[in-house]
Amino acid sequence: MLLYGASGHAKVICSCLEANGQIVNGLFDDNPDLLTLDGYPVLGKYKPELYSDNPLIISIGNNNIRKRISESISHQIGSVIHPSVVLDSRVSVGEGTVIFHGAIIQRGSKIGRHVIINTGATIDHDCILEDFAHISPNATLCGNVSVGEGTHIGAGAVIIQGIRIGKGAIIGAGSVVIRDIPDHSTFVGNPAKKIK
């Protein structure tokens, strides 16, 4: 497996890959000063010819950057799910998605491409997470929640059942969302209120 991005997010992906017995052959990163990450070699800027037969995961937490990189590379895309994850057999997971330690994803949910479901997050039944969404640690999505493309749900946020969150939105850490959220807006607090 290859990673694109050599920072803290990549460390957790490496942990997940190691837990699954997968080999990390190296990481690409645009920062020329980075030579290793947790003992793995940083191979410099992305080169499609290096390990071209290995799948690659974009290991960058920023949703917009992750999307931009996904549109510019020509590698087979990989994914990883930590073995501690509780993932119902009727959940679909798109390519490039990473699901970290202790997350729970219930039946009927659909997870898009290049999604991050972070440590201890809970996704209940029939939720839809569009491409490039990021669900932060210990966030809770109750049943039938829809999260738009590129939206970031902050750590410990709670989204009640049946809520629709638009694309490119930000839900602040610890917020409680009790009504639908429009595209490209930021909501914080309990109950969550728009700040921009």
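The values are calculated or read from the model by the stated rules, or taken from the named source; none is laboratory data. None of these values were measured; they are calculated from a predicted model. For neighbour counting, all protein chains shown are included, and Cβ atoms are generated from backbone atoms with ideal geometry for every residue, glycine included. Note: areas computed on protein heavy atoms with side chains; ligands, DNA, RNA excluded. Shrake-Rupley method; radii C 1.70, N 1.55, O 1.52, S 1.80 Å.
How about segment 72-87: which of its residues are in contact with a Gly (Cβ under 8 Å, 6 or more places away or on another chain) and either exposed (fewer than 15 other Cβ atoms within 10 Å of the Cβ) or not β-branched (Val, Ile, Thr) (or both)?
Step one: filter segment 72-87 for residues in contact with a Gly (Cβ under 8 Å, 6 or more places away or on another chain), giving 77-79, 82, 84-85.
Gly78, Ser79, His82, Ser84 - these are the residues of segment 72-87 that are in contact with a Gly (Cβ under 8 Å, 6 or more places away or on another chain) and either exposed (fewer than 15 other Cβ atoms within 10 Å of the Cβ) or not β-branched (Val, Ile, Thr) (or both).
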**Message:** Being hydrophobic (A, V, I, L, M, F, W, C) and either in contact with a Phe, Trp or Tyr (Cβ under 8 Å, 6 or more places away or on another chain) or within 20 Å of Ser7 (Cα to Cα) (or both) is the requirement here; does Ile123 meet it?
**Reply:** no
**Asked** Does His114 satisfy the condition of being in contact (Cβ under 8 Å) with a residue 60 or more places away in the chain and either crowded, with 19+ Cβ neighbours inside 10 Å or more than 22 Å from Asn64 (Cβ to Cβ) (or both)?
**Response** no
**Prompt:** In the set Ala121, Ala192, which member is farther than 29 Å from Ala19 by Cα, touching a residue at least 12 places away in the same chain (Cβ under 8 Å) and either in contact with a helix residue (DSSP H, G or I) (Cβ under 6 Å, 6 or more places away or on another chain) or not charged (D, E, K, R) (or both)?
**Reply:** Ala192
**Request:** Quick one: in segment 22-55, of everything that is of a type in the set (Val, Ile, Thr) and outside any strand (DSSP E or B), which residue is modelled with the highest pLDDT?
**Result:** Val24
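Here's a check for you: in segment 88-111, which residue that is of a type outside the set (S, T, N, Q) and open to solvent by 80 Å² or more (accessible area, probe 1.4 Å) is nearest to Ser52 (Cα to Cα)?
Initial filter on segment 88-111 (of a type outside the set (S, T, N, Q)): 88, 90-91, 93-96, 98-105, 107-108, 110-111.
Add one more test, that the residue is open to solvent by 80 Å² or more (accessible area, probe 1.4 Å), and what stays is 90, 95, 107, 110.
Details: Arg90: 32, Glu95: 17, Arg107: 35, Lys110: 29 Å.
For segment 88-111, the residue satisfying everything is Glu95.
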